[in-house]
1. Can you name the number of the only condition in (1) modelled with pLDDT under 90; (2) outside any loop (DSSP other than H, G, I, E, B); (3) not small (Gly, Ala, Ser) that Lys20 fails?
2. Would you be able to tell me the number of residues in the range 84-101 that are closer than 20 Å to Ser34 by Cβ and assigned to a helix (DSSP H, G or I)?
3. Are any residues in the range 46-72 buried (at least 17 other Cβ atoms within 10 Å of the Cβ) and assigned to a loop (DSSP other than H, G, I, E, B), and if so, which ones?
4. I want to confirm something. Restricting to the range 138-158 and keeping residues that are modelled with pLDDT under 80 and on the phi > 0 side of the Ramachandran plot, which single residue is surrounded by the fewest Cβ atoms within 10 Å (Cβ to Cβ)?
5. Pick from Glu114, Glu82, Glu125: which is out of contact with any Ser or Thr (no Cβ under 6 Å at 6 or more places or on another chain) and either modelled with pLDDT of 90 or more or among the basic types (Lys, Arg) (or both)?
6. Return the residue satisfying two criteria in turn: it lies in the range 26-80 and is among the hydroxyl-bearing types (Ser, Thr, Tyr) and free of Cβ contacts under 8 Å to residues at least 40 places away in the same chain, and of such residues it is farthest from Phe111 (Cα to Cα).
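The values are calculated or read from the model by the stated rules, or taken from the named source; none is laboratory data. Being a predicted model, the structure only gives us computed values, none of them experimental. Backbone-built Cβ (ideal geometry, glycine too); neighbour counts: all protein chains shown.
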Amino acid sequence: MKKIMPFIILLTFFLGACNKDEVKSEIYSGRDLSIIVIGDIPEVREENITFTQKSLEDIAGDVKKTSNEFDAVFITPAHFSEADDDIYVETYQGLTIPTFFIESLKRHLPFVNENLTYETALEIEDETSYATGYLNGGREQNKTDVWRYGLHNDVKNEVNIKDVYTRMFKTISDQVHK
């Protein structure tokens, strides 16, 4: 037993050091959430999340219905060049559910401001957010809520990305009162 104990201590120390770039977090266990995704559906740890792929046109076509039937909207980088079109500014501002821009180096700015595109907007210096959430009106009228979610130690890996989604789900649950 005395020979094994130093090995166990060394192994524990080594394994702990290997995972310093991964966060250990609890999964979201709140109410079921239904989320629209413009783009690819993300891999998450939670089983109480339902993702539905839709187009930006679907959302813009009936903002009130979208807000009533879903809890949030996720927009992925492959659709930023479409999502930054001025015709959707009113959509993001009219939704009563949060919109999240995944991996936007320019946060929410090119999407909620007219005459600004993702290509022409300035990149935010030292931007380390993996996702940015936006809700016009927030909990109060004449207020805009913005959330930024960074990766643990700024390390992009599967564990840290899933942690970001977990934190986003908690925000969505806190914001949406149906």
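1. (2)
2. Total satisfying the criteria: 3.
3. Phe70, Asp71
4. Among those residues, the one meeting the criterion is Asn142.
5. It is Glu82.
6. Ser29
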